[in-house]
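Values in this text are rule-based calculations from the coordinates and carry no lab data. The structure displayed is predicted, hence computed values, not measured ones. Note that each Cβ is placed from the backbone with ideal geometry, even for glycine, and that neighbours are counted across all protein chains shown.
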Amino acid sequence: MIALKLEQRGPDVVAVFDDETRAALKLEVGDVIHIERTPHGVTATAELDIDHEVRAGRGRAFLKRYNKTFQALET
């Protein structure tokens, strides 16, 4: 189990990861972590935010795949 310490930094509350935890989770400064509450009330971490270029590439592939459908909807 991984425990995080919450600290007040100015107006923000931040989660502090020690070096061992960051290494185990392969986290780097600037990474985005999504947290969600499950139906059972347990907080679980979701996958890390993917790189902007990867997301943009997926968007372009989607648009290319459905380009004819989009054009048909325009008319």
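Dipole of the stretch 5-74, Cα-centred, from +1 at each Lys and Arg C-beta and -1 at each Asp and Glu C-beta, to the nearest 20 debye?
Around 560 debye, computed over the stretch 5-74.
Pairing the Cα long axis of helix 52-65 with the longest principal axis of the chain, what angle in degrees results, from 0 to 90 and rounded to the nearest 10?
Roughly 20 degrees between the two axes.
If r is the Cβ-Cβ distance from Glu28 to Tyr66 and R0 is 35 Å, what FRET efficiency results, to the nearest 0.05?
So the FRET efficiency works out to roughly 0.50.
Would you work out which of Ala23, Phe62, Gly41 lies farthest towards the positive end of the dipole of the chain, given +1 charges on the beta-carbon of Lys and Arg and -1 on that of Asp and Glu, about the Cα centre?
Result: Phe62.
Based on DSSP H runs of at least 4 residues, each adding -39500 (n - 2.57), what is the mean residue ellipticity at 222 nm of the chain after dividing by all its residues, to the nearest 500 deg cm²/dmol?
Mean residue ellipticity at 222 nm (helix-derived): -11000 deg cm²/dmol.
Simple spin-label model, 7 Å along Cα-to-Cβ: Asp51 to Thr21 in nm?
Taking the two extended label points, one gets 2.7 nm.
Below 24 Å, Cα to Cα, which lysines can Lys5 reach? Residues fewer than 8 away in the same chain don't count.
Once the sequence-local lysines are set aside, what remains near Lys5 is Lys26.
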